Amino acid sequence: MTNKPIEHYDSSDIQVLEGLEAVRKRPGMYIGTTSARGLHHLVWEIVDNAIDEALAGYCDDIEIIVNKDGSVTVKDDGRGIPVGIHPKTGISTVETVYTVLHAGGKFGGGGYKVSGGLHGVGASVVNALSKWVDVTVYKDSKIYNAKFSNGGHTDQSLTVIGDCSPDRTGTTVTFMPDAEIFKETTTFDYDVLRIRARELAFLNKGLRIILRDDREENKKDIFVYEGGIKEFVKMLNKNVTPIHEDIVYIEGVEDDVTLEVALQYNDGYNSSIHSFVNNITTPEGGTHEDGVKNSLTRIINSYGKANKLLKDNSDALTGDDVREGLTMVISAKVPDPQFEGQTKTKLGNSEVRKIAANIFAGEFERFLLEHPDQAKIIVEKAITASRARVAAKKARELTRRKGGLELTNQWGKLTDCSSKDATISEIFIVEGDSAAGSAKTGRDPATQAILPIRGKILNVEKARLDRILGNEEIRTIITAFGTGIGEEFDISKLRYHKIIIMTDADVDGAHIRTLLLTLFYRYFRPLIEQGHVYAAQPPLYSIKHGKTIKYVLDDDELNDYLKTLPENAKPEIGRMKGLGEMDPVELRDTTMSIESRVLKRIDLEDAVQADEIFQILMGEDVEPRRKFIEENALQVMNLDI
Ligand code: 28F
């Protein structure tokens, strides 16, 4: 597809045009969404190609630069994309890779690129969704360059633009995302790039990834981990205390499936398990994770019995028992992965379950046999957990809803709605009695329930389930939701399809929100995954102008609104007080009523990121937590509109 005069367009040009045009018409089909997440996906598409070159053994360094103009440059020191004419397309391989859908070698068989899901759609998709793309290849002592613009049209075919030293090889790509496609934002978030760049370095041991942000002064990170996922586990455990010395590392191959596992137990009660397939995060787990988990439970039980740590007649330890305090990273490489689940991030290949179980079982059993002292600690931790589980079961009885509504009203705390239809029912969890008072008055009694939360709820990150269930505020929440908790969680019993956290926008409000989200993330995770959890957005400013009062959420909206007023307008701008000071009508009209409120769905974009955030927020030393909340309170959870 070059700038040939129209009469010379041949079929391949037409076909290429249609291909990339299709991507621009339905970008969501190729990158999921055109929100901030889709925007960042462009970077990973290009980086993945460089990582493939590293996996092939030819590239040691990858550099990712956010340029001043907002474009992104990715560099690798691999072999350089082939510059010869591609047999099938008659144009250079570089132009083929960047203008023909799925032309990257990834689909031509071999390699580990995925065919399904959002990954591996190829560089041509990035080209289609960019204002311009510039590709430079260093190869055979020459510098080749090709330029594309407006969704992948070739402005300059691959041409030699200079010489370079013979030992200089590699590929450098710079692209500018197209604001026509990415209407929400075309601004790259350095922290999002940093988390994923670090993750890729953990997952590809020895690969050095340099991230730089030229929009600011000396903003740069270098990630390289010779220990790979062992160092990943070490990082995940940095805010908690390991209870045994070694980070267990397991790796093996069977039927073309490679499995790597790193694990270490800490003195906490939560399990923090992160699994990946071909470097892609699988927060919904899948057969690789299930195989490892099943093996872990079986081996710990059999080792416990064989070494008289578990009485023969005692009940078996459950999966939850053996995973208490467990930090584990699972990285599988599967030639032809099938992704399933709500967000296509669950591995479905059934044959992988047995393979993962086999590889893990043999090596983990060997570790326990070779480290009896650490094995004893691990088994005893699981036994303690099983005892607490039994205790929690008793405590849990307290939260079970005995009958219909009368019980909830008896709780006194919950002001329930009259509708019994969960799909239209909403529950507002409100901080503070005065705000709850206004909410009760301003609500729609048919569909809106109000549950006041007093002060700080228990920090669930540091407490075990039996103690959590001992906390009355949390018991009230569990009862109100109706789903039960943890292992017994049953989403079909959910009584409100919208759970709306309504707290002030100040640090305390953010802290309460984060504690609630930790509770939901730890014990009600499907509620978040299935999009039932929201944050109410009380307005920050009121603008009185003539007879109209306008409420806006933040400074941006304030400035946008003020621009719409006539020059001579003298609007009266008021900084909204907290929820507690709003009168019921104001609270209803600005924050609660379906017609006028703005809710933000809580969507944990990356379990690793969330996990780390929760550990910082709920970890031991208060200082990092206070600092983190102050700096990030409203960004803590990735809020998707
Ligand atoms: C900044 C982004 O895209 N790096 C890449 C290579 C190297 C080869 C390659 C890429 C074969 C036919 C598909 C070189 N020499 N960085 C990158 N480095 N693609 S992408 O081959 C392309 C495939 O079409 C390469 C020998 N074999 C492969």
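Being crowded, with 19+ Cβ neighbours inside 10 Å and either under 30 Å from residue 575 (Cα atoms) or among the β-branched types (Val, Ile, Thr) (or both) is true of residue 477. For segment 68-92, a residue qualifies if it is within 9 Å of the ligand (Cβ to nearest atom) and of a type in the set (Val, Ile, Thr), and the qualifying residues are 73, 74, 81.
Restricting attention to segment 408-437, the residues being of a type in the set (Ser, Thr, Tyr), touching a helix residue (DSSP H, G or I) at 6+ places or on another chain (Cβ under 7 Å) and modelled with pLDDT of 90 or more number 1. Candidates in segment 50-67 are the residues that are farther than 22 Å from residue 219 by Cα and within 25 Å of the chain's Cα centre (by Cα); of these, the one that is farthest from the ligand (Cβ to nearest atom) is 55. Sub-6 Å Cβ pairs linking a first residue in segment 167-187 that is closer than 21 Å to residue 97 by Cα and among the aromatic types (Phe, Trp, Tyr) to a second residue that is more than 10 Å from the ligand (Cβ to nearest atom) and assigned to a strand (DSSP E or B), at least 6 apart or interchain, are 175/130; 175/133, ordered by first then second residue.
Taken over segment 318-342, residues that are part of a loop (DSSP other than H, G, I, E, B), crowded, with 22+ Cβ neighbours inside 10 Å and of a type in the set (Val, Ile, Thr) amount to 1.
Total residues in segment 415-455 satisfying the condition of being assigned to a loop (DSSP other than H, G, I, E, B) and of a type in the set (A, V, I, L, M, F, W, C): the figure is 4.
Could you tell me whether any residue of segment 126-136 is near the ligand (Cβ under 10 Å from one of its atoms), out of contact with any helix residue (DSSP H, G or I) (no Cβ under 9 Å at 6 or more places or on another chain) and either in a helix (DSSP H, G or I) or at pLDDT 90 or above (or both)? Scanning segment 126-136, I find at least one residue that is near the ligand (Cβ under 10 Å from one of its atoms), out of contact with any helix residue (DSSP H, G or I) (no Cβ under 9 Å at 6 or more places or on another chain) and either in a helix (DSSP H, G or I) or at pLDDT 90 or above (or both), so the answer is yes. Taking the numbered list (1) modelled with pLDDT under 95; (2) surrounded by 20 or more Cβ atoms within 10 Å (Cβ to Cβ); (3) of a type in the set (Val, Ile, Thr) in turn, residue 43 passes all entries but (1).
I'd like to know if segment 300-316 contains one or more residues that are within 24 Å of the chain's Cα centre (by Cα) and not in a loop (DSSP other than H, G, I, E, B). Within segment 300-316, none of the residues are within 24 Å of the chain's Cα centre (by Cα) and not in a loop (DSSP other than H, G, I, E, B).
Among the numbered conditions (1) free of Cβ contacts under 8 Å to residues at least 60 places away in the same chain; (2) under 24 Å from residue 45 (Cβ atoms), the only one that residue 280 does not meet is (1). Between 211, 207, 200, the distinction of being closer than 27 Å to residue 29 by Cα, within 14 Å of the ligand (Cβ to nearest atom) and either at pLDDT 95 or above or of a type in the set (S, T, N, Q) (or both) belongs to 200 only.
Scan segment 139-160 for residues that are free of Cβ contacts under 8 Å to residues at least 60 places away in the same chain and either surrounded by fewer than 20 Cβ atoms within 10 Å (Cβ to Cβ) or more than 18 Å from residue 95 (Cα to Cα) (or both) and the total you get is 11. Somewhere in segment 161-180, is a residue touching a helix residue (DSSP H, G or I) at 6+ places or on another chain (Cβ under 7 Å), surrounded by fewer than 20 Cβ atoms within 10 Å (Cβ to Cβ) and over 23 Å from residue 51 (Cα atoms)? No, because not a single residue in segment 161-180 is touching a helix residue (DSSP H, G or I) at 6+ places or on another chain (Cβ under 7 Å), surrounded by fewer than 20 Cβ atoms within 10 Å (Cβ to Cβ) and over 23 Å from residue 51 (Cα atoms). Would segment 13-32 turn up any residue that is of a type in the set (Ser, Thr, Tyr), more than 9 Å from the ligand (Cβ to nearest atom) and modelled with pLDDT under 90? Yes, segment 13-32 contains at least one residue that is of a type in the set (Ser, Thr, Tyr), more than 9 Å from the ligand (Cβ to nearest atom) and modelled with pLDDT under 90.
The values are calculated or read from the model by the stated rules, or taken from the named source; none is laboratory data. Model, not experiment: these values are computed from the prediction. Cβ: placed from backbone, ideal geometry, glycine included. Neighbour counts: every protein chain shown.
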